[in-house]
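Step one of this worksheet: look at the structure below.
We did not get these values from a lab; they are worked out from the coordinates using the rules stated. Computed from a prediction, not measured in an experiment: that's the story for all the values here. Note: ideal-geometry Cβ built from the backbone for every residue, glycine included; neighbour counts use all protein chains shown.
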Amino acid sequence: MQISTETLLQSYRAMRTIRVFEERLHREFATGEIPGFVHLYCGEEASAVGVCANLTDQDTIASTHRGHGHCIAKGVDVGGMMAEIYGRKSGVCRGKGGSMHIADLSKGMLGANGIVGGGPPLICGAALSHKVLKDNGVAVAFFGDGASNEGTTLESLNLASVWQLPAVFVVEDNGYGEATGASYACAGNQKDRAAGFGMPYMECDGSDFFAVHDTARDAIDHARSGKGPVMLHVHLQRWYGHFEGDAMSYRAANEVADAKKNHDCLESFRTRVEQEKLLDLNALDEIDASVADEVESAVQAAKQAPWPEEADLMADVYVKI
Amino acid sequence: MSKKSFRQAINEALRQEMRRDPTVVLMGEDVAGGQGGSSGVKDAWGGVLGVTKGLQTEFGESRVLDTPISEASYIGAAAGAAATGLRPVAELMFVDFVGCCLDQIMNQAAKFRYMFGGKARTPLVIRAMYGAGFNAAAQHSQALYPLFTHIPGLKVVVPSSPYEAKGLLIEAIRDDDPVIFLENKVMYDDEEEVPDEAYTIPFGEANLTREGNDVTIVAIGRMVGMANEAADRLAKQGISCTVLDPRTTSPLDEQTILECVEDTGRLVIVDESSPRCNMACDISALVAEQAFGALKAPIRRVVPPHTPVPFSTPLEKLYMPSAEKIEAAVKSIMMQKTPEVA
Ligand SMILES: Cc1ncc(C[n+]2csc(CCOP(=O)(O)OP(=O)(O)O)c2C)c(N)n1
Ligand SMILES: [Mg+2]
């Protein structure tokens, strides 16, 4: 099925936004101005965007420590995200959470997560809500190859199958959990794991937006139609360290350079839409310029935004004491 | 003897014990790192903050094991191995991740000996980072030692300096019970003189880091340094403090705490864990029960508020105890009149 022009433009914009946002954070982090841990999603943009292009605000996603891309793809405000990462009161979480905890429930974004494997059980719950409330929603857990080895993840695959939940489990396989390769840490393979839990398995090249989009559409349609959960295995490369400050001695010298050269989702998107005359390339250039402005103003605004105040410390521990 | 960082002190303790005892094994996520990586570089990280660097290179992959991200299984494996002949030191990275494997600690390792009628030994050490002050936010900043202290069967160590860390870790490895060994992540680069040879510091013996007449400050882990800083300032203002480091919250050296309070008549407890049911509560109860007559003023607790740890720098500063807050707490009870005990 042809992807609409509107979806293509929106998706390109989202992928470009993620790229520029993350590369800017990489530079800003080096100045020492950004506190805490920052895990960049560069190189993996097409996964979040290709999946979320098939979702609406009604649908729920759960993300990971590497969550900026999922947030942007699900429509979380870029200025609010940047302010959050800088710890400002205008941040989407009022400066309480930071990079690893960006969430916006109004967008169906159940949160980045500091706990590996934290998301899949939550997504079983979100899927249960969709099912019981009959709102036609689907719940999608993004998690890494590393997280695929958490008990919470494996139990969730089972639970989702037992309860026939409208859930999609997206394994974002970038080949590493921190400094350890998936080839060491993951026994067997994801396909057999899905089979073991009785759910369909689909896979795609995560640097190809079109492949992710179409495979995710099938997975999401399956879950939405009440046929139960699906595993979607997305093959990816991460372009930066595990977190900012990681020298990546565990990766071959050419690995990242090769990924940037041969597996750039933005480049392949451009080539494809040009070859198939799907979009006017000027429109893409305009998006590039507009995204650059948006991220620049997000950074400037974040740096100038007020800090949280003393009263904020005690606020929101409970709904009501 | 030479200057060593907190990180080096821990590394040296592990190295010396592994050389001495072939049953000591290490496991955890990226305790070496690099397995399955495309560069083929082994021991690529040596722990997420480099604390175990070089150990796999020296002792090999059969004794320094990188684990999948599967805390429940490898912490449980460490407990099972401990009960069957090994002396595992398992690294949980951030203590917050105990949420993923608490059963294996709380219901398994901690209870074997008692449940099995004294027939088991579980010489297990679990190392983990704790503490706020790193902008690491709510899921990477907790100080969960009260949680472990609450569980009978566990010993809980919270070292306050590089010297303390080395001696207490060697003691932990040689101890036959499960020990939770908590390292404050903000302290890894702190340095002091640390002996080159192996030595042990016994559990349950508090360390008097400073003796004074007016107030006893009991402080835990990183708070010991802050308490001494506050005591320095207070000394200039004519207030003399005892600063006591319990070293282990389980067992707790109740005797020394009570003796110090008997001497000074005033008590301030500094604890960076959440304020409900924490060590400050526990020690307050001890003193209220057993040294009530010696108290010249109310006990003061310098603790964070009952909130998750906030991310933003100014909020995290407000959250944390500090030398200033300790100083203010001490002054507040020095100014207080002696209550008349009927
Ligand atoms: C329960 C838990 N264990 C360990 C960690 C530390 N940690 C953070 S990210 C990470 C690696 C995750 O790898 P993967 O799931 O493949 O995601 P990627 O970083 O590759 O995106 C680890 C071990 C954590 N945050 N939570
Ligand atoms: Mg990964």
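List of remarks:
- Most to least packed among B:153-164, A:288-299, A:224-235 [average Cβ atoms within 10 Å]: B:153-164, A:224-235, A:288-299
- Secondary-structure-derived ellipticity at 222 nm for chain B, considering helices only, amounts to -9500 deg cm²/dmol, per-run term -39500 (n - 2.57) for DSSP H runs with n ≥ 4.
- Helix B:279-290 vs. chain B, principal-axis angle (Cα, 0 to 90°, nearest 10): 50 degrees
- Note on the range B:168-184 and the range B:186-243: Cα centroid distance 20 Å, given to the nearest whole angstrom.
- DSSP-defined antiparallel bridges as percent of all bridges, the range A:157-304, nearest 5: 15 percent
- When Rg and the Kirkwood radius Rh are both evaluated on Cα atoms of the range B:207-334, their ratio Rg/Rh stands at 0.95.
- Between 0 and 90°, nearest 10: helix B:162-174 axis offset from chain B longest Cα axis: 60 degrees
- Chain B: most fluctuating residue of B:Asp245, B:Asp21, B:Asp66 per GNM, C-alpha cutoff 10 Å: B:Asp21
- Distance (nanometres) between label positions extended 7 Å along Cα→Cβ at A:Leu278 and A:Tyr184: 3.8 nm
- Chain B: relative contact order as a whole-number percent, Cα under 8 Å and 6+ apart: 15 percent
- Greater than 22 Å apart at Cα, pairs in A:Lys131/A:Lys227; A:Lys107/A:Lys227; B:Lys3/B:Lys185: A:Lys107/A:Lys227
- At 1.306 mPa s and 10 °C, Stokes diffusion of the range B:2-194 via Kirkwood alpha-carbon radius, µm² per second: 96 µm²/s
- When you work out D = kT/(6 pi eta Rh) for the range A:5-299 at 10 °C and 1.306 mPa s, using the Kirkwood radius from C-alpha pairs as Rh and the Stokes-Einstein form, the result is 84 µm²/s.
- Of all beta bridges that DSSP places with both ends in chain B, some 20 percent have antiparallel geometry.
- Under the span-like rule (Cα at least 27 Å along the axis, Kyte-Doolittle mean at least -1.0), DSSP H helices of chain A: A:5-30, A:281-304
- The C-alpha atoms of the range A:211-293 occupy a region whose extents along the principal axes are 45, 36, 26 Å, arranged from largest to smallest.
- Among A:Arg13, A:Arg238, A:Arg270: highest mean-square fluctuation, GNM of chain A, C-alpha pairs under 10 Å: A:Arg270
- Whole-number D in µm²/s for the protein assembly as shown (Stokes-Einstein; Kirkwood sum over Cα pairs; 25 °C, 0.890 mPa s): 93 µm²/s
- Spherically averaged projected area of the range A:1-114 from its Cα convex hull (nm²): 6.7 nm²
- Cα-based Lys pair tally, the range B:207-334, threshold under 20 Å, eight or more apart or on separate chains: 4
- Volume of the Cα convex hull of the range B:120-236, divided per residue and given in Å³: 135 Å³
- Selected from B:Gly225, B:Gly40, B:Gly80 as most flexible by GNM, with chain B as the system and alpha-carbon contacts under 10 Å: B:Gly40
- Radius of gyration (Cα atoms) of chain B, expressed as a multiple of 2.2 N^0.38 Å: 1.01.
- Peptide B:69-77 has a mean shielding of 5, counted as Cβ atoms of other protein chains within 10 Å of each residue's Cβ.
- Nearest-ten-degree value, helix B:71-82 long axis tilted from longest Cα axis of chain B: 90 degrees
- Looking at the range B:207-334, the DSSP beta bridges with both ends there are about 20 percent antiparallel.
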